[in-house]
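Let me begin by presenting the structure, written as structure tokens, before commenting on it.
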Amino acid sequence: MSRRTDYLLRALVLALAAGVVGCKQQMADQPYYKPYEPTDFFEDGRSNRPLERGVVHRGQYLDSDPLVTGLTQEEWGRFWARGDRKAPDPAAPNAPEDRQTSYGAARFDPRPGQPNSGPAVFVTEFPFEITARDLAIGGQRFTQYCAMCHGPLGDGKGKIWERGYLRPTSFHTVPGDPLEFGQIPFGYSRGFWKWDIRITMAEVPVGYYFEMITKGYGAMGSYAAQIKPADRWRIIAYVRALQLSQRAEVGRLPADVVGRLNAGGNQP
């Protein structure tokens, strides 16, 4: 190879190397915005662009899905139809007009023909079929998250109550039980009572339970971060089973259940 040819090859290799390095530097140093860095490209000056209305990420439930709201589609439609989209203040007294404007509140009596009856707010059926496995999971979650306050039987006599704290709501109505706060009988819904609706916890819609577990009420905080939506419904199904267990007719029970009842303490 001549000296001239060797020189040309070396020059070519250096040129190619310089081109590759230049390309790499350009790709590695792409323009981008840091979080919350302003920009003059958009009219609002924000480099972080808000999602378009209606956009959901993969696996996310729609906000209007009863599975994650406990509310009827009609209630959700009323919410979006109103311009103010007002939410009730749990600590404030309820004005009469709030029965029409407070979204997701227990403002109407779910029982037809009552003085304060109105359009349905909460769903009355479970958003998926409840199986024996769902009940078993619901029982586990109830024991884990609820029993310490509401008691293993759902009668409000959990360990929290035994230690002198505020007695949680009972899911059962027992004649002769004392009143809560001097006026609300045990086993009656505090949320509905706030709206002058006297209804037992056995009569309230299942969607109301979901709303309370999700957002909390009174001394009870929100459990939305600890309990996924499907398990909230399973807990509610277990509560319904507890309620049925307190007033079930023996003649309507399956034969194997009657057998275990009759066996009493002799069960394996």
Item to check | Conditions (1) closer than 20 Å to R234 by Cα; (2) out of contact with any strand residue (DSSP E or B) (no Cβ under 9 Å at 6 or more places or on another chain); (3) of a type outside the set (S, T, Y); number of the one not met by V123 | outcome: (2)
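Okay, residues lined up against (1) modelled with pLDDT of 85 or more; (2) aliphatic (A, V, I, L, M); (3) out of contact with any Gly (no Cβ under 6 Å at 6 or more places or on another chain); (4) closer than 22 Å to A120 by Cα:
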residue: G138; (1), (2), (3), (4): yes, no, yes, no
residue: T143; (1), (2), (3), (4): yes, no, yes, no
residue: P152; (1), (2), (3), (4): yes, no, yes, no
residue: K159; (1), (2), (3), (4): yes, no, yes, no
residue: P175; (1), (2), (3), (4): no, no, yes, no
residue: L179; (1), (2), (3), (4): no, yes, yes, no
Checklist entry - Being over 19 Å from the mean Cα position of the chain (by Cα), modelled with pLDDT of 90 or more and of a type in the set (D, E, K, R), is that true of even one residue in the stretch 210-226? => result no
Next on the checklist: What's the number of the only condition in (1) at pLDDT below 70; (2) surrounded by 10 or more Cβ atoms within 10 Å (Cβ to Cβ); (3) closer than 30 Å to S222 by Cβ that G83 fails to meet?
Outcome noted: (2)
Next on the checklist: Pull out all pairs, ordered by first then second residue, where Cβ-Cβ is under 7 Å, the residues are six or more apart or on different chains, the first lies in the stretch 161-180 and is hydroxyl-bearing (S, T, Y) and assigned to a loop (DSSP other than H, G, I, E, B), and the second is modelled with pLDDT under 85 and surrounded by 19 or more Cβ atoms within 10 Å (Cβ to Cβ).
Outcome noted: S170/F186
Checklist entry - Does any residue of the stretch 55-66 turn out to be modelled with pLDDT of 70 or more, under 30 Å from G191 (Cα atoms) and exposed (fewer than 10 other Cβ atoms within 10 Å of the Cβ)? => result no
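Test E203 against the criterion of being crowded, with 20+ Cβ neighbours inside 10 Å and under 16 Å from R107 (Cα atoms), and give yes or no.
Against the criterion (crowded, with 20+ Cβ neighbours inside 10 Å and under 16 Å from R107 (Cα atoms)), E203 does not qualify.
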Item to check | Count - residues of the stretch 210-240 that are of a type outside the set (S, T, Y) and part of a loop (DSSP other than H, G, I, E, B) | outcome: 9
Checklist entry - Out of the stretch 108-148, which residues are acidic (D, E) and either without any contact (Cβ under 8 Å) to a residue 40 or more places away in the chain or closer than 23 Å to R190 by Cβ (or both)? => result D109, E129
Checklist entry - Say we look at the stretch 155-175 and pick out the residues that are of a type in the set (V, I, T) and buried (at least 17 other Cβ atoms within 10 Å of the Cβ); which of these is nearest to A241 (Cα to Cα)? => result T173
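Taking the options A219, A224, name whichever one is surrounded by fewer than 22 Cβ atoms within 10 Å (Cβ to Cβ) and either in contact (Cβ under 8 Å) with a residue 24 or more places away in the chain or among the hydroxyl-bearing types (S, T, Y) (or both). Spell out the reasoning first.
On the way: A224 fails: either in contact (Cβ under 8 Å) with a residue 24 or more places away in the chain or among the hydroxyl-bearing types (S, T, Y) (or both).
Residue meeting the stated conditions: A219.
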Checklist entry - On the given criteria, is K194 at pLDDT 90 or above and over 16 Å from H150 (Cα atoms)? => result no
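The values are calculated or read from the model by the stated rules, or taken from the named source; none is laboratory data. Predicted model, so just to flag it, every value in this text is computed and none were measured. A quick note on method: Cβ atoms are made from the backbone with ideal geometry, for glycine too, and the neighbour counts reach across all protein chains shown.
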